[in-house]
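Nothing in this text is a laboratory measurement; each read-out follows from the coordinates by a stated rule. For clarity, every value in this text was computed on a predicted model and none was experimentally measured. All Cβ positions, glycine included, derive from the backbone under ideal geometry; neighbour counts span all protein chains shown.
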Amino acid sequence: MNLRTRFVVITASLVFVLATAMSIGAYSIATSQLSARVNDSLNTRIDTILKIVADPFFSWQDAFGRGPVNRAILQTETDSITQVVLPDGRILGRQENPALPVTESDRALVPGSLQISKNTITLNSHQFKVFTVAASDGTLIQVAKDNQIAVDAQQGMRLWLPLFAMLAVVISGAAGWLFARRISQPIENLAETAESIAVTQDLNRSIDVTGNDEVSQLARSFNTMLGALRDSSERQRRLVQDASHELRTPLTSLRANAELLERASLSDADRASVLADIKAEVDELVDLSAELNSLATDHRAIENAEPVDLAELANDIASRAVRRTSSSVTVHATENTVITARPHQLERAVSNLVDNAIKFSNGESPVEIHVGALRVEVRDHGPGIGDDDKPLVFDRFYRATATRSMPGSGLGLAIVAQCAHDHGASAYVLDNVGGGAIVGLQFVN
């Protein structure tokens, strides 16, 4: 059962329950009110007659003659009947009215007790309510009122209230279907688009969004997700293309050196030189592989962010660099050095900055790491970075013309840029006073 059908079923069921409850309530209230009005009319009539009969000068012989007593006892209403049964069995009443039956419960009434015997009879296809009371002398006073209007009303309600309830269910079901269709259509479009993308692998599609409700927000989020997937796919494509291009050079060199080794006339000195070149090319491939793996790894998914002291991190990196290269690497720290970051990704980025600075300093000039104000930057005194190259140095595999003859893959600063992106930070390049470059990361937390 889809969402639209469930919504219609739930809506129609709720309306059915409410309509049924309201119909039962309306029927009960109307029946009670109609019955109460008839009962009140009969009770009032009995009280009036009993007050007349209580007069010490009253005589039943004159009750149905002329005069005000007659008019009071012989009710002139067309839907009511008054009948008197005397103790000797005589029945007094209007001749045009049908006789009311006298039941055993009527005869069992105690004279003057004001007990009322209530019965329902049918006269001329009309239902009448009959109230009987015994006067103090044993006379039975019977009053009846046509109750057919209430009966017809009850029958009409039993017929029409269910029909109205069913009509309400049908209308609510139709309205619910239209409403559910309006709500579910964008969701169905999302499902169809997702299935189509899964089959065709086409990430250039998007959902047309109108409105500001929750479903529209879901469609916008879906479009945002598609945009992120497109960007990720494009980055992967460029990475593969660039990596293939960069791998071509060392692999070609390895092939050429391998062919040289096949020559029998190769001297021992030349053979040693070729083997050294092969080792250097292999080391370059290993470094390139490690850097490609670092770029391709989603550190946000495999590493949790935690508080990191940039000063401590810089000191550790500087100590390792000094032991490895014997270069001069110093750390200068001020206040506000603790940030929230992914430790290993950040360590790799800062290490790349230090390695680049050492490489371009040729180990002859000192390298400085400055930490503070939520910032870490590495300063060198090498040839610096040209103004034309500064906007491009963080691109993958980009290498300035002046540095293409030097070892490296062109991925070191790309890893720094990726770290900045993942942490919501910014990477920057500046000129160092007295020559050289300043490359750093500025965090915002």
Around residue 378 (Cβ within 13 Å, Cβ-to-Cβ, excluding residue 378; K/R +1, D/E -1) the net charge comes to -1
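How would 41, 319, 361 line up from fewest to most surrounding beta-carbon atoms within 10 angstrom? Numbers along the way, then the final one.
Values: 41 17, 319 12, 361 20.
The fewest-first ordering by Cβ neighbours comes to 319, 41, 361.
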Once amide hydrogens are built 1.01 Å from N within the peptide plane, the residues lying 5 or more places from residue 100 or on another chain with amide H under 5 Å from its amide H are none
Taking a crude spin-label model, label points 7 Å out from Cα along the C-beta direction, the residue 387 to residue 181 distance in nm is 6.5
Across the alpha-carbon set of the stretch 3-153, Rg over Rh with Rh taken as the Kirkwood radius works out to 1.23
In whole Hz, the Karplus estimates of ³J(HN,Hα) for the stretch 44-53 (6.51, -1.76, 1.60; θ = phi - 60°; x where Gly or Pro) are 4, 5, 5, 4, 4, 5, 5, 5, 5, 5
Summed over the other residues with a beta carbon less than 12 angstrom from that of residue 199, with K and R at +1 and D and E at -1, the charge totals -2
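For the chain, what does the helix formula give at 222 nm: sum of -39500 (n - 2.57) over DSSP H segments with n ≥ 4, over the residue count, nearest 500 deg cm²/dmol? Walk me through the numbers on the way to the answer.
Numbers: 10 runs with 241 residues, N = 445.
Calculated mean residue ellipticity at 222 nm is -19000 deg cm²/dmol.
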Sequence order, the stretch 327-343: Karplus ³J(HN,Hα) from phi using 6.51 cos²θ - 1.76 cosθ + 1.60, θ = phi - 60°, Hz rounded, Gly and Pro as x, gives 7, 8, 10, 10, 10, 10, 10, 10, 7, 6, 10, 9, 10, 9, 7, 8, x
Placing +1 on each Lys and Arg Cβ and -1 on each Asp and Glu Cβ in the chain, then taking the dipole about the Cα centre, the residue among 169, 46, 141 whose Cα reaches farthest towards the positive end is 141
Restricting to aspartates and glutamates and to Cα separations under 20 Å from residue 145, and discarding same-chain partners fewer than 8 apart, the set is 40, 47, 77, 79, 96, 106
With bins of 10 Å, the percent of all Cα-Cα pairs of the chain per bin from 0 is 4, 13, 14, 10, 8, 7, 6, 5, 5, 6, 6, 7, 6, 3, 1, 0, 0
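I'm a student and want to see the number: the projected area of the Cα convex hull of the stretch 303-442, averaged over all directions, in nm². Working shown, then result.
Working: hull surface 31.5 nm².
Seen from a random direction, the Cα hull of the stretch 303-442 projects 7.9 nm² on average.
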A student asked for the Cα radius of gyration and Dmax of the stretch 149-280 in angstrom ought to give 36.2, 128
Residues meeting the amide H criterion for residue 384 (H placed from the backbone, H to H distance under 5 Å, 5 or more places apart or on another chain) are 436, 437
Restricting to aspartates and glutamates and to Cα separations under 12 Å from residue 390, and discarding same-chain partners fewer than 8 apart, the set is 431
The FRET efficiency for residue 2 and residue 54, from their Cβ-Cβ distance with R0 = 60 Å and rounded to 0.05, is 0.20
Residue-ordered couplings for the stretch 152-163, obtained by feeding phi - 60° into the Karplus form 6.51 cos²θ - 1.76 cosθ + 1.60 and rounding to whole Hz (Gly and Pro as x), are 4, 5, 5, 5, x, 5, 5, 7, 7, 4, x, 5
